[in-house]
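Data block below; observations after.
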Amino acid sequence: MSYKIIVDSCGELTASMKESGKFENIPLTLQVDDVDIVDNETFNQTEFLKMVAKSPNCPKSACPSPEQYRKACEGDVEHVYIVTLSGNLSGSYNSAVLGRNLYMEDHEDKNIYVFNSKSASIGQTLIALKIQECEEKGMAFKEVIETTENFISGMRTYFVLENLETLRKNGRLSRVKALVAGALKIKPVMGEDGEGNIIQLDQARGINKALMKMLDYVEKNLQNPEEQIIGITNCNCPERAEMIKEELEKRIKVKEIIILNAKGVSSMYANDGGIIIAV
């Protein structure tokens, strides 16, 4: 069967995913003060991080319109899958569902399904790869959906932030706590609760200790490691991502570890020096 996988721009695509012709990114729009930035191939991470650092305000994002998703559903492929960032973090999922429904009004026989990743960034990447794997195995449309939804239910996402300013600016961390954390070099180990809500799992003094604690969670909760792909997204810290990959390879044997650079939305959440892991 012919198929297409649409991922909103919070989800990074590997080089091979881009080259396959099976994947498409739908951009969100970022806003820093009065400047709008489209999260597509023109996104400049260095300039964006400078703008965020200078601004006293929290950067914002606007999800793709239903019309963007409707148009993305066009084409002569038989199966269309859409993967959005967590519905609890963005309106992208609801927008995609509406876009899908608008397209289906005139194309009732088309097979289109929208996945709420309950994750973000590299988590969406792993979901898209799972869909591709199922399709390449020749699974029926409903079987692909069931297999992928089960995968989403078992997937976990973790991240450690070097820079706590975004958490402070969006109200998740008070100014006093941010100052104390900065003075003591305390770094939070963050994750999600299985429903796509961000929670703090732990903390440590110093970025390296926090990263090691995050890897403890990955190792503890990983099931059937030899069958799993671990994804790592870094925000302007490729050496740190490589260090984490090497540490994981010492601890556990997995199918593959992939490293990607954060796009716009992921850069907004992770901020300069942040690391996101999904498995």
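The values are calculated or read from the model by the stated rules, or taken from the named source; none is laboratory data. Everything numeric here is computed off the predicted structure, so don't read it as measured data. Cβ: placed from backbone, ideal geometry, glycine included. Neighbour counts: every protein chain shown.
Taken together, S55, S65 contain a single residue that is hydroxyl-bearing (S, T, Y) and over 16 Å from Y269 (Cβ atoms), which is S65. The single condition from (1) among the small types (G, A, S); (2) assigned to a strand (DSSP E or B); (3) out of contact with any helix residue (DSSP H, G or I) (no Cβ under 6 Å at 6 or more places or on another chain) that A204 fails is (3). Can you find even one residue in region 126-143 that is under 16 Å from the mean Cα position of the chain (by Cα) and modelled with pLDDT under 95? No, the conditions are met nowhere in region 126-143.
Looking across V38, V32, one residue alone is surrounded by 12 or more Cβ atoms within 10 Å (Cβ to Cβ), closer than 18 Å to N163 by Cβ, β-branched (V, I, T) and not assigned by TED's automatic domain parsing to the domain that holds A120. It is V32. Is one or more of the residues making up region 122-136 outside any helix (DSSP H, G or I) and either of a type in the set (D, E, K, R) or buried (at least 19 other Cβ atoms within 10 Å of the Cβ) (or both)? Among the residues of region 122-136, not one is outside any helix (DSSP H, G or I) and either of a type in the set (D, E, K, R) or buried (at least 19 other Cβ atoms within 10 Å of the Cβ) (or both), which makes the answer no. If only residues of region 8-40 that are within 23 Å of V52 (Cα to Cα) and of a type in the set (S, T, N, Q) are counted, the one that is farthest from the chain's Cα centre (by Cα) is Q31.
Residue-by-condition table, conditions (1) modelled with pLDDT under 95; (2) touching a helix residue (DSSP H, G or I) at 6+ places or on another chain (Cβ under 6 Å); (3) assigned to a helix (DSSP H, G or I):
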{"residue": "R168", "(1), (2), (3)": "yes, yes, yes"}
{"residue": "K177", "(1), (2), (3)": "yes, no, yes"}
{"residue": "A183", "(1), (2), (3)": "yes, no, yes"}
{"residue": "Q223", "(1), (2), (3)": "yes, no, no"}
{"residue": "G231", "(1), (2), (3)": "no, yes, no"}
{"residue": "E239", "(1), (2), (3)": "no, no, yes"}
{"residue": "E246", "(1), (2), (3)": "no, no, yes"}
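With respect to the conditions (1) under 21 Å from the mean Cα position of the chain (by Cα); (2) of a type in the set (A, V, I, L, M); (3) surrounded by fewer than 20 Cβ atoms within 10 Å (Cβ to Cβ), M51 falls short on a single one, namely (1). Taking region 222-279 as the range and being among the basic types (K, R) and surrounded by fewer than 19 Cβ atoms within 10 Å (Cβ to Cβ) as the test, the residues that pass are K245, K250, R251, K253, K255. If the condition is being without any contact (Cβ under 8 Å) to a residue 40 or more places away in the chain and either surrounded by fewer than 22 Cβ atoms within 10 Å (Cβ to Cβ) or not aromatic (F, W, Y) (or both), then region 74-93 contributes E74, G91. Of all residues in region 1-15, those satisfying the criterion of being in a loop (DSSP other than H, G, I, E, B) and surrounded by 21 or more Cβ atoms within 10 Å (Cβ to Cβ) are S9, C10, G11, E12, L13.
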